[in-house]
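Laboratory data are not the source of any read-out in this text; all were calculated from the coordinates shown. Since this is a predicted model, take the numbers as computed values, not measurements. Because the Cβ atoms are built from the backbone with ideal geometry, glycine has one as well, and the counts that use them run over all protein chains shown.
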Amino acid sequence: MSSAVLGRRHAQLPGFGLSLGITILWLSLIVLIPLSAVFMRSASDGLGTFARAAFSERAVAAYRLSFGAAAIAAAVNCVFGLLVAWVLVRYRFVGRKMLSAVIDLPFALPTAVAGIALTALYADTGLIGGALAKAGVAIAYKPAGVVVALIFIGLPFVVRTLEPVLADLSSETEEASLTLGATRLQTFFRVILPTIAPALATGFALAFARGAGEYGSVIFIAGNMPFKSEIAPLLIITQLEEYDYSGAAAIACVMLLISFAILLLLNQIEHWQSRRLV
Amino acid sequence: MAAGKLREPTAVKAVLIGVAVAYVAFMLLLPLGAVLTEAFRRGWALWAAAISAPDSRAAIKLTFIVAAISVPLNTVFGIAAAWAISKFDFRGKTALTTLIDLPFSVSPVVSGLVFVLLFGAAGWFGPWLDANGIRIIFALPGLVLATMFVTFPFVARQLIPLMTLQGRAEEEAALTLGASGFQTFWRVTLPNIRFGLLYGVLLCNARAMGEFGAVSVVSGHIRGETNTMPLQVEALYNDYDFVAAFALASLLTLLALVTLGLKSALEWRHRDELAARH
């Protein structure tokens, strides 16, 4: 498209200044200025205070739990999310639409509700927890409980990311692979999996990012013992309740920087994917 | 297509579908069932009593007020942002889109924290607000701000891909035929995006009413005053008043189910118009 054509089109549609103005003003007031407060606070406290608060033993234990549990849960969701997405895209069966609708439940169900529901199930008085207790396994009020909650929260991210990619997969390469004598399983691992790998990575990153910052569904089932089962967002709240704004801001700073790194990574994956498709 | 070869044997297919359905039932439906069973464990009378307790009623009312303020504001913003980004070409468009999505990668707790750092007792504007008798934190404005931050991207990210796909030809035609800018938006653009808009508003509202982490930080947890429904669920749960906690949670579950139902209905009926989501 030539710039002359574009230029004329600009002149025709009204409301550019107004809509962009509202967008930038609102974005700044609600998101950018408030977010910058976290960094300003940490910066004004000085490096020493920041480092002491951000990397105290208790904070590091909390990051390890939040990010570790998020990584395990995202990995589990990659396996089962791929299976669910595959079944939804490839097969037609009774109840398929129902299954598809249910996948979004974690998006729609308030996290606090998910939290108390999972706790009711996995506590040793609950349906699942009771059965596990007989086998000597405890999940609720342990780090494993955090993983369970994050598996619940993260599933739709992986399924919804994979579905369109699986649907767009051309049957030609699969046919070629089968014609050349590969088994169905070989075709899956050598042809299909490499093609959907970027989408799988995106799904993992989305589920991981959401899980690392998750609060509502986790605190009821986690146990919340400092150094053991205390997630990073809870530590922020604890610091705030003690009016330790600097400590809270420092931990928030670390979490934000990691989230931004994941966001950059996601953009990179998208960029890489679009280049591969061309 | 050599369809026969591309399909797994029926047995394999049945096993895959079975495992996927069982996994989703176990991970997602079981918690849903747990909420409803716990809520009605002691019968309808206690459920109704828990719902109509003064603090519960206040929490329900507050939840609706917060959503009634934040959802329309974010809808107006979302339309403005989508108009600017999808109908015009300008530098920094990709960056702007990324910034709009930013709240999705921020932990809910951090989303609340930013407003405490700004408006809390020891925050930037705290002393000034205090001197002038304005309450933001531990009051309605704080709840609205935190909710708006968290639900900020919902409408915009639904509309941007949709309106980009629709292009600007129809609007240009309307303007050429003598319509005003407002008429063009009202008669041409809005009918084209109405289902996408509805979809975005629906998800935005579900999140606004169910938000927990962000509002938890700014609310102060004053029962009957600053507790929204999810916060009241937590308060009741921590009192070991499980019947009441799950009763209130069952209302939020109903909200989630209605949201999912409407969302699925929109997806089935207006697939084409929603297809542009990413």
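Tabulated data
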item	result
Prolate/oblate/rounded call for chain B, Cα gyration tensor, a/c under 1.5 rounded	oblate
Mean separation of Cα contacts under 8 Å (6+ apart) over length of chain A, as relative contact order %	29 percent
Centre separation in Å (Cα based) which lies between region A:162-182 and region A:74-115	23 Å
Amide H contacts of A:Lys142 (H built 1.01 Å from N, under 5 Å, at least 5 apart or other chain)	none
Kyte-Doolittle mean at least -1.0 and Cα axial length at least 27 Å: DSSP H helices in chain B	B:54-87, B:190-210, B:242-269
Note, ³J(HN,Hα) from phi for region A:37-44, Karplus 6.51, -1.76, 1.60, rounded to Hz, x at Gly and Pro	4, 4, 6, 4, 4, 5, 5, 6
Neighbour net charge for B:Val150 - beta-carbon separation under 9 angstrom, K R +1, D E -1	0
Karplus-derived HN-Hα couplings along region A:48-55 (A = 6.51, B = -1.76, C = 1.60, θ = phi - 60°), whole Hz, x at Gly and Pro	x, 4, 4, 5, 4, 6, 6, 10
Point-charge dipole on Cβ atoms (K/R +1, D/E -1) for chain A, about Cα centre, debye to 20	540 debye
Region A:8-64 and region B:122-183: distance between their alpha carbon centers, rounded to Å	16 Å
Residues A:Ser36, A:Ser246 arranged by fewest to most Cβ contacts within 10 Å	A:Ser36, A:Ser246
A:Leu25-B:Ala11 FRET efficiency (beta carbon distance; Förster radius 56 Å; 0.05 resolution)	0.40
Nearest-20 debye value, region B:43-274 charge dipole, Cβ charges on Lys, Arg, Asp, Glu	380 debye
Gaussian network model of chain B, Cα within-10 Å springs - most flexible of B:Ala14, B:Ala214, B:Ala48	B:Ala14
Separation between Cα centres of region A:253-273 and region B:199-278, rounded to whole Å	28 Å
Sorted by Cβ density within 10 Å, fewest first, the residues A:Phe220, A:Phe16	A:Phe16, A:Phe220
Cα gyration tensor category, rounded, prolate or oblate, for region B:152-278 with a/c compared to 1.5	prolate
Cα→Cβ-extended label distance, 7 Å offset, between A:Ser170 and B:Ala169, nm	2.6 nm
Note, ³J(HN,Hα) from phi for region B:214-225, Karplus 6.51, -1.76, 1.60, rounded to Hz, x at Gly and Pro	5, 6, 4, 5, 9, 7, x, 6, 8, 5, x, 10
Theoretical FRET efficiency, 1/(1+(r/R0)^6), r = Cβ-Cβ of B:Leu36 and A:Leu265, R0 41 Å, to 0.05	0.55
Cα shape, chain A, gyration tensor, a/c 1.5 rule	oblate
Whichever lysines have a C-alpha closer than 25 Å to that of B:Lys263, once near sequence neighbours (fewer than 8 apart) are set aside	A:Lys97, B:Lys61
Per-residue [θ]222 nm for the protein assembly as shown (sum of -39500 (n - 2.57) over DSSP H runs n ≥ 4, rounded to 500)	-24500 deg cm²/dmol
Net charge of neighbours whose Cβ lies under 13 Å from the Cβ of A:Thr238, counting Lys and Arg as +1 and Asp and Glu as -1	-3
Residue order, fewest to most surrounding Cβ atoms within 10 angstrom, among A:Ser259, B:Ser86, B:Ser180	B:Ser180, A:Ser259, B:Ser86
Residues with amide H under 5 Å from that of A:Asp104, placed H, sequence gap 5 or more	none
Difference of contour (0.36 nm per residue) and Cα-Cα distance, A:Lys228 to A:Val94	43.8 nm
GNM flexibility winner over chain A from A:Gly211, A:Gly17, A:Gly68 (Cα, springs under 10 Å)	A:Gly17
